1. Checking the structure you have, find out if any residue of segment 146-155 is in contact with a Ser or Thr (Cβ under 6 Å, 6 or more places away or on another chain), more than 14 Å from the ligand (Cβ to nearest atom) and open to solvent by less than 30 Å² (accessible area, probe 1.4 Å).
2. I'd like to know if segment 334-344 contains one or more residues that are open to solvent by 30 Å² or more (accessible area, probe 1.4 Å) and within 16 Å of the ligand (Cβ to nearest atom).
3. Out of segment 238-280, which residues are open to solvent by 10 Å² or more (accessible area, probe 1.4 Å), hydrophobic (A, V, I, L, M, F, W, C) and touching a strand residue (DSSP E or B) at 6+ places or on another chain (Cβ under 9 Å)?
4. What number of residues in segment 403-441 are more than 24 Å from ARG289 (Cα to Cα) and in contact with a Gly (Cβ under 9 Å, 6 or more places away or on another chain)?
5. List every residue pair whose Cβ atoms sit under 7 Å apart, with the two residues 6 or more apart in sequence or on different chains, where the first one lies in segment 147-175 and is among the β-branched types (Val, Ile, Thr) and the second, anywhere, is away from the ligand (no atom under 16 Å from the Cβ) and part of a helix (DSSP H, G or I).
6. What is the number of the single condition among (1) of a type in the set (Ser, Thr, Tyr); (2) in a strand (DSSP E or B); (3) within 11 Å of the ligand (Cβ to nearest atom) that THR224 does not meet?
7. Take HIS231 and decide whether it is more than 16 Å from the ligand (Cβ to nearest atom), touching a Lys or Arg at 6+ places or on another chain (Cβ under 8 Å) and either modelled with pLDDT of 95 or more or within 29 Å of ILE139 (Cα to Cα) (or both).
8. Show me the helices (runs of 4 or more DSSP H) entirely contained within segment 323-442 in which 2 or more residues are within 22 Å of the chain's Cα centre (by Cα).
Amino acid sequence: MLQDKPDLPNRERLAIEGGDPVRSQPLPWELPGAHWIDDEERELVDRVINARSPFRFYGPEPQRMVDTFEREWCERFGHRHAVAVSSGTAALSIALSTLGIGPGDEVLLPGYLWVSCVSAVIRCGAIPKLLEIDETFCIDPDDLQAKIGPRSRAVICVHMSGAPGRIQEITAIAHGRGLKVVEDCAQVAGGSQGGRSVGTFGDIAIFSFQLNKNMTSGEGGLLTTDDPQLHRRIVALHDLGYPRTPAGRLDTQDRSCQLWGYGARMSDLTGALALGQLRKLPRITAAMRSAKWRIREALAGIDELGFRHVPDPAGDTGPFLITTYADAGRCEAMVEALRAEGIRGPEGSLACLTMREWGLHWYFNIPSLVERRSNDRSGMPWSHPANAFAAAYDYHRGALPKTDDLHDRSALLSIASCLSDRDVDDIIRAFRKVAPVVLGDR
Ligand SMILES: *Cc1c(COP(=O)(O)O)cnc(C)c1O
């Protein structure tokens, strides 16, 4: 594509054409919370070790790290109840079981998501139904309106890549039609919209503290809800299916709560790490948001370079800059040229890439979904008689034309939580250098 360019007299040669790159050092690793782990986390973890009490419910000298983490989370973000768990994936399964979802039900999901959203639906025996995304890269409310059917029980609203989409419209539509809303906030911890924290719009929200997320405890997750009845089920389901007494022992005799648990408790060691990270989450997201929007604003007005629509930039947590292009060719050429300029992470990082390289985030890249795989010999959930309604549901590429189009012509740049001013300037310089050449008229 670049060979066709006329030789412009005054332009710098791009690195991809053999010119000098904007930078030679890789950008820092993404992994937002990990950069901030320091003595604060160490001190909390040490307390658990010194007490020899890594279990949250009882022990020689419980340090109540998970309890404190849940309480501080609620105070900070305005949730009524929070239950910490072992992962975001477990949290999703627990959320769906809390709502009683199973065979005969369908759960609506966007086509841009994470594989865990789908696997949670499948493992509870229900059927996933795909929804288009719009330029927010989250659910398109019009498509939700159009696709709600008699089997629809819930929608998982996934706040992708650091910022919420049209969450108020989505919850209004879903609630108006009798559906429950699960907010998947795994990628947007610390985010908000209109001054209201993510996770406070729907019926249940889930978070993840895996290494790639805004804050991390290595592994970990959280469920939040304002409804005391749902909270009670979450508490039992995340554990062994039963509530616990104030002394931390199981209460199996309460006939109103005898369920099947997921065994997804958070240990107090993990709780200590999560608590330390929670206390610095506002600083982590402020760093990313500020760097991201400095870049975005500096690039506004470049012809042919588009951006994801973020309804409320003040509530964006900033870990990703999503750019959009006229077509797949320009998108790929742009990413290639940027990488050549040194806009890339260390070996193994995924700092600068096209959405085509973003794997299990796109519905048609999930082989188990496209091929309707099952964990068991009976072929659940696809084979369940109550799920016969979904026989013709299609998960191949092409099922969501608008989503497919956004996939083809968009790219993602990770914004590390420790970018220096120099890093930010280099990113801006590289975009400005390559965009006019790569995106100019052909
Ligand atoms: C990471 C992620 C999850 C799963 O979290 P784990 O803690 O890795 O299990 C779920 N949903 C989304 C959108 C995610 O990005």
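1. Within segment 146-155, the first condition is being in contact with a Ser or Thr (Cβ under 6 Å, 6 or more places away or on another chain), and the residues that meet it are none.
No - not one qualifying residue is present in segment 146-155.
2. Residues of segment 334-344 open to solvent by 30 Å² or more (accessible area, probe 1.4 Å): 336, 339-340, 344.
Still in the list and also within 16 Å of the ligand (Cβ to nearest atom): none.
No, every residue in segment 334-344 fails to be open to solvent by 30 Å² or more (accessible area, probe 1.4 Å) and within 16 Å of the ligand (Cβ to nearest atom).
3. LEU240, LEU250
4. So the count comes out to 2.
5. VAL155/LEU144; VAL155/ALA174; ILE170/PRO141; ILE170/LEU144; ILE173/PRO141; ILE173/LEU144; ILE173/GLN145
6. Result: THR224 fails condition (3) only.
7. Working: more than 16 Å from the ligand (Cβ to nearest atom): yes; touching a Lys or Arg at 6+ places or on another chain (Cβ under 8 Å): yes; either modelled with pLDDT of 95 or more or within 29 Å of ILE139 (Cα to Cα) (or both): yes.
Here the answer is yes, as HIS231 does meet what is asked.
8. Values: elements: 328-340, 367-370, 401-408, 421-439.
Of the helices (runs of 4 or more DSSP H) lying wholly inside segment 323-442, those with at least 2 residues that are within 22 Å of the chain's Cα centre (by Cα) span 367-370, 401-408.
The values are calculated or read from the model by the stated rules, or taken from the named source; none is laboratory data. Since we're looking at a predicted model, the values are computed, not measured. Using ideal geometry, Cβ is built from the backbone for each residue, glycine included, and neighbour counts are taken over all protein chains shown. Areas reflect the complete protein model, heavy atoms only, side chains present, ligands, DNA and RNA absent. Shrake-Rupley method; radii C 1.70, N 1.55, O 1.52, S 1.80 Å.
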